[in-house]
Structures are given as structure tokens and as C-alpha cells.
1. Any chance you could look up the accessible area of Phe59 with a 1.4 Å probe, heavy atoms only, rounded to 10 Å²?
2. How far apart, in nm, are the 7 Å Cα→Cβ label points at Leu55 and Glu135?
3. How many Å² of accessible area per residue for region 1-62, probe 1.4 Å?
4. Would you rank Asp129, Asp66 by solvent-accessible area, highest first, keeping every protein chain in place and using a 1.4 Å probe?
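The values are calculated or read from the model by the stated rules, or taken from the named source; none is laboratory data. What you see is a predicted model, and the numbers here were worked out from it, not measured in a lab. Virtual Cβ from ideal backbone geometry, glycine too; neighbours counted across all protein chains shown. These accessible areas exclude ligands, DNA and RNA; they are computed on the full protein's heavy atoms, side chains included. Shrake-Rupley method; radii C 1.70, N 1.55, O 1.52, S 1.80 Å.
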Amino acid sequence: MFFDIGPLEIVALAILAVLVFGPDKLPKVIQDVTGFIRKVRAFSDSAKEDIRKELGPEFKDFEFEDLNPKTFVRKQLMDNDELGLKDIRNGFDFREEAATLTDAVHGRDSSSGSSAASSDTPDMLRKRDRLDPGEPPPYDSDAT
């Protein structure tokens, strides 16, 4: 119930409640609020039971949380493996795919299994210490 409220905020709310309602009326206000919450919970529970009775015995395991689309999809696709989704999900090796993609971008041969660049393709990422005589300095469009 208090997911985003920290202990300092609870103390601040308690102090605010004492200031607004006063120390004499505060116990009565707390009692009224808790009674109201109990009545709302009892009403919602009875409404859920009435709906389950009206749906019939086919829906005895029906949960109202299943009406949330996210929960429904998770329950139908993740828990129920009739489509073989777990095999498909487990069949991918994302590290290998990422390494192959990286090698392709950098012009390396990924079939050899080593990440070293081939001898006929220059390594564009390695910085050279010195420029060749007469060669203009590299132009970096992002730096200008």
C-alpha cells in the first residue's frame, strides 16, 4: 500500500494529520477511515463472488487480475508453452549474434572465431602514431 512513501514522508503525514484534526479527534478519524476501508473491501469481495456465481462453474478458477492485458498475455504466452516459445527463446545466442554483427561492422572475418582483423582489411579503429608524409590530418565532423 505504501510503495512510494518513505518513512520520513509517513512521519510528515502523521504530523500533518495531528495539526489538521488535532490530537483529540485524530483517533476517531483513524477509526472512521479504517471502517470505511473495511466496508469497501467487503463490498468488492461480495461483488467478485456474485460475478463468479453468475459466470458458473466453468469459470471457477477465474481471477480478476487476468483482466489486466499485461497479466493475460504473460499467462497465455509465457506459462503456456504450446507454441514452443521457450525453445525459440532459448535457441538464440545473443552474444554470438552480437559478436558476428560487430565483426561484420568492423570488417573482420567472424568464421575464423578470432576477433583479429584480417590482413587485407585495414583496422579503421586503431589510431596511428604518425601520418604518412603529405597526408592530410583526419577530419572529424563531430568535433567541429
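1. Spelled out: Phe59, probe radius 1.4 Å, area about 90 Å².
2. Each label point is offset 7 Å from its Cα along the Cβ direction, giving 7.2 nm.
3. So region 1-62 comes to 92 Å² accessible per residue, rounded to a whole number.
4. Ranked from most to least accessible, the order is Asp129, Asp66.
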